[in-house]
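Report on the following structure.
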Amino acid sequence: MKADLDVVIVGPVAPPLGGISAHVERLAELLEREGLRVGIVDHFGNRGHPRVIATLRRNPLRYWWEMRRLQARVVHYHHSRWSTLVATGLARRARRGTWIATVHGHELERSLSSRLPWVKWLGYWALGRFDQLIAVSDAVAETIVRPGGPPVAVIPAYLPPSEPYARLDDAVDGPPTALLSAYKVASRPSDDLYGLDIAGVILACACAQIPDLRCELFLSRGPAGHAERQYLERVLQPLRDTAADRVHVYVEARLPPAFRPGAVYLRPTRTDGDAVSIREALDCGVPVVASDVVTRPDGVMPLPLSDTQAWVDAISDAVGRARGEHQMTGSNSAYADALISLYRDTLNSMSAHENLTNA
């Protein structure tokens with residue numbers, strides 16, 4: 001394991017390209033622009049990435065083995081699963097360097113509120129092994145904060161890309177477009193975090209009422225296996241019955257280029273954190289309509305999943321506004337500043353401690 005790194009980020013890298021993998025990639029770029037030496041330990045098995053120094057394959061034993069060997073000044077772990085969080089806590093043999101953990105969504109909340117006392121205790125114990133916690137929202141912060149535990153900073157997981165978004169089409173008079181994205185396809189509604197089945201019904205109604213509406217679905221990972229392919233076909237069938245020639249599905253394609261004038265981004269998720277894609281859309285001046293299952297960022301129109309007509313009305317209103325008001329906002333650059341400040345404070349404190357020790 002490399003010992004000459006300032007920062008090791010523990011998180012997913014593309015492919016497939018999802019919200020957290022995009023955040024990890026941009027965080028690495030941001031830190032390198034600040035002059036830091038950065039490596040990535042991948043949650044999965046992508047050895048081909050130029051910054052990846054180890055892979056974990058979602059195996060708790062590999063977390064325990066690989067992470068106990070890390071010697072970077074800062075280790076920044078992006079939460080994956082309860083089992084890997086506990087393994088990461090066990091891997092920290094001594095307080096060498098500073099360890100930071102970012103909790104991106106509400107998956108950990110289920111473990112921390114478990115009826116099994118040992119599951120809850122181990123979760124909080126593992127969080128206590130870190131020096132600093134980052135929550136992507138106030139709601140997540142309320143879940144992980146604990147008296148006597150590490151400090152918790154609230155920083156949404158959004159970093160602007162190093163290069164401006166490339167656009168598919170800058171024509172203001174282009175067709176109105178409803179955009180939808182999902183990291184992967186489920187095999188049944190109970191597992192459909194992204195609400196693709198709900199979106200299919202909403203968009204079918206929207207296409208019937210908005211004659212020129214296009215629908216674009218972006219999948220980070222295509223359906224794997226017969227069950228997922230069948231589910232995707234069932235989801236899309238109502239939409240194709242209404243407007244087959246206006247439906248387009250993209251697999252492993254980047255979403256931001258689709259954020260263009262006349263577009264509206266939909267996030268009909270059943271349960272969800274503060275998605276990176278929402279921040280990207282807002283940063284591009286694209287209206288966002290999302291489910292009200294969690295607190296959404298300012299500028300998002302939250303709606304109940306059960307009110308299909310309300311979604312259709314919101315889409316109609318949003319695409320009309322998008323054509324006339326589309327502009328890049330750049331409003332989320334403060335999140336990058338907050339992360340850099342946290343890293344600077346951490347590294348400066350470590351340098352001061354090292355100088356004092358050496359003296």
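Read the figures in this text as sums done on the coordinates, not as results from a lab. No experiment lies behind these values; they were computed from the predicted model shown. Glycine also receives a Cβ, built like all others from the backbone with ideal geometry; neighbour counts cover every protein chain displayed.
Numbers below:
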| quantity | calculated |
| --- | --- |
| Angle between the chain longest axis and helix 196-209 axis [Cα atoms, degrees, rounded to 10] | 30 |
| Nearest 10 degrees, 0 to 90: helix 117-127 Cα axis against the chain principal axis | 80 |
| Calculated FRET value between ARG221 and SER306, using beta carbons and R₀ = 30 Å, to 0.05 | 0.60 |
| Among GLN132, GLN230, GLN71: highest mean-square fluctuation, GNM of the chain, C-alpha pairs under 10 Å | GLN230 |
| Karplus 3J(HN,Hα) series, Hz, for segment 36-43 with 6.51 cos²θ - 1.76 cosθ + 1.60 (x for Gly, Pro) | 8, 8, 10, x, 10, 9, 7, 4 |
| Contour minus Cα-Cα distance for SER341 and ARG33 (0.36 nm per residue) | 109.5 nm |
| GNM flexibility winner over the chain from ALA22, ALA258, ALA334 (Cα, springs under 10 Å) | ALA334 |
| Fully extended contour minus Cα-Cα distance, from GLU107 to GLU142, at 0.36 nm per residue | 11.2 nm |
| Spin-label proximity, SER83 to segment 101-116 - amide N less than 20 Å from point 7 Å beyond Cα toward beta carbon | 104-116 |
| Three-way shape call for segment 177-325 based on the alpha-carbon gyration tensor, with the a/c threshold at 1.5 | rounded |
| Efficiency of FRET between ASP298 and ALA14 - r from beta-carbon atoms, R0 25 angstrom, step 0.05 | 0.30 |
| Cα Rg, Dmax (largest Cα-Cα span) when computed across the chain, Å | 21.4, 75 |
| At most 15 other Cβ within 10 Å, DSSP loop - GluC sites (Glu not before Pro), segment 1-86 | GLU34 |
| Rounded, prolate or oblate (a/c below 1.5 giving rounded, otherwise prolate when a/b exceeds b/c) for segment 209-274 by Cα gyration tensor | oblate |
| Amide proton proximity set for VAL75, modelled H, under 5 Å, gap of 5+ | VAL8, THR98, TRP99, ILE100 |
| Long-range HN-HN contacts of VAL249 with modeled amide H, under 5 Å | LEU217 |
| Label zone at ALA253 (point 7 Å along Cα-to-Cβ), backbone N below 20 Å, segment 206-237 | 207, 212-224, 229, 232-237 |
| Length added when fully stretched, ASP191-MET350, from 0.36 nm per residue minus Cα-Cα | 52.9 nm |
| Angle in degrees between helix 226-243 and the longest Cα principal axis of the chain, rounded to the nearest 10 | 40 |
| Average Cα contact separation per residue, the chain, under 8 Å, 6 or more apart, as relative contact order % | 14 |
| Cβ-derived FRET efficiency at R0 45 Å, ARG93 paired with ARG321, nearest 0.05 | 0.25 |
| For LEU303, residues with placed amide H under 5 Å, excluding near neighbours | ALA290, SER291, ASP292 |
